[in-house]
Amino acid sequence: MNEIERVRAFIKERNPRLNIIEFDTDTSTAFLAAQALGTEVGQIAKSILLKARDHHFFMVVSAGDARIDNKAVKNLVGARVRMASGDEVMEVTGFNIGGVCPFALKRDIPIYLDESLRRYDVVYAAAGTGNTALPITYHELCAITNGNPCNVCQAG
């Protein structure tokens, strides 16, 4: 099963109302996705895989125009962290950078949903590839990811 099929199967089970949008163009960055969708960059949900010093992984999902505050993340998880490498992203999530969906992951990891997403009625998460988007509300995202609300970003 490829990445987008894995995401489709996941949402069919948990929230069949959700529909993936596929594009003929690259949407692998928040800027490109916002252009393709005709939205603000902030409406794009960035899924960032992080690795703590103790080698455990977790994901922070934030608004596309927000910057992660490393000190706030350290306070959240109790350890210094770094961004995962491309190989680690593929190994843990099963998705390539630019198409990382915040659910339907290869491994079960903690998901943190930054408050920066709450300012929008709908945000757009990648759906497994660098040319997909999934319109979803913050509350639907919390439910489908079993995510924990957090405040670790600065507005862009």
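The values are calculated or read from the model by the stated rules, or taken from the named source; none is laboratory data. Model, not experiment: these values are computed from the prediction. Glycine also receives a Cβ, built like all others from the backbone with ideal geometry; neighbour counts cover every protein chain displayed. Note: areas computed on protein heavy atoms with side chains; ligands, DNA, RNA excluded. Shrake-Rupley method; radii C 1.70, N 1.55, O 1.52, S 1.80 Å.
Picking from residues in the stretch 36-55 that are outside any strand (DSSP E or B) and modelled with pLDDT under 95, the one that is surrounded by the most Cβ atoms within 10 Å (Cβ to Cβ) is R53.
From the list M1, M59, the one residue that fits, being modelled with pLDDT under 95 and under 23 Å from G94 (Cα atoms), is M1.
Could you tell me whether D121 is charged (D, E, K, R) and either without any contact (Cβ under 8 Å) to a residue 12 or more places away in the chain or in contact with a Phe, Trp or Tyr (Cβ under 9 Å, 6 or more places away or on another chain) (or both)? Yes; evaluated as a whole, the condition is true for this residue.
Taking the conditions exactly as written (free of Cβ contacts under 8 Å to residues at least 12 places away in the same chain and not small (G, A, S)), does K74 satisfy them or not? When the stated conditions are applied, K74 passes them. Applying the criterion of being open to solvent by less than 20 Å² (accessible area, probe 1.4 Å) and either outside any strand (DSSP E or B) or among the acidic types (D, E) (or both) to the residues of the stretch 117-144, the residue that is farthest from M1 (Cα to Cα) is L117.
For beta carbons closer than 6 Å, sequence separation of 6+ or different chains, a first residue in the stretch 1-22 that is farther than 15 Å from L105 by Cα and a second that is of a type in the set (G, A, S), the qualifying pairs are I20/A127; I21/A133.
For the stretch 1-35, taking the residues that are in a helix (DSSP H, G or I) and within 13 Å of G98 (Cβ to Cβ), the one that is most open to solvent (accessible area, probe 1.4 Å) is identified as F31. Entry remark, the stretch 67-90: residues being part of a loop (DSSP other than H, G, I, E, B), closer than 9 Å to V152 by Cα and open to solvent by 100 Å² or more (accessible area, probe 1.4 Å) number 0 in total. Within the stretch 95-109, is there a residue that is closer than 19 Å to A34 by Cα, small (G, A, S), in a strand (DSSP E or B) and open to solvent by less than 70 Å² (accessible area, probe 1.4 Å)? Looking for residues that are closer than 19 Å to A34 by Cα, small (G, A, S), in a strand (DSSP E or B) and open to solvent by less than 70 Å² (accessible area, probe 1.4 Å), one finds none in the stretch 95-109, hence no.
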